[in-house]
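Take a look at the structure set out below.
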Amino acid sequence: MAQASSTREVFGSLFAFAAGLLVIRSGALPRWLGRVLLFLQGFGLGGVLAGFGLALDLVGFVLLLLVVLASSVVLLARENPVADVVARIE
C-alpha cells in the first residue's frame, strides 16, 4: 500500500511541475501561479522522501486548493477568458 501512495505522490508532483511550466511558458495565467505550482511540486516529492510525509502532503494539498481557487478567480475576472487565453497561446 505504501508503494501505491508514493507512486501517486510522484505523479502528482510531475503534474504540478508540468502545469507550472505550461503556465509560465504560455502566459495563459499569471506567471506567479506557475511559480507557485513549481514550488508545490516539491511538497509531493518531499512527502515521498521525508519521514514526516503526511504533514508535507497536507500542506501541498492545501496549496493545490489555493492555486485552483486563485486560477479560477483570475479566469472569472477576465471579460472574455477564452479569447484572452487563445490570443496568448498563439
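The values are calculated or read from the model by the stated rules, or taken from the named source; none is laboratory data. Predicted model, so just to flag it, every value in this text is computed and none were measured. Here Cβ is always computed from backbone atoms with ideal geometry, including for glycine, and neighbour counts include all displayed protein chains.
How many of the residues making up the stretch 23-43 are surrounded by fewer than 20 Cβ atoms within 10 Å (Cβ to Cβ), part of a loop (DSSP other than H, G, I, E, B) and free of Cβ contacts under 8 Å to residues at least 60 places away in the same chain?
1
Take the residues in the stretch 44-90 that are modelled with pLDDT of 70 or more and not in a helix (DSSP H, G or I); name whichever of them is surrounded by the most Cβ atoms within 10 Å (Cβ to Cβ).
Arg78
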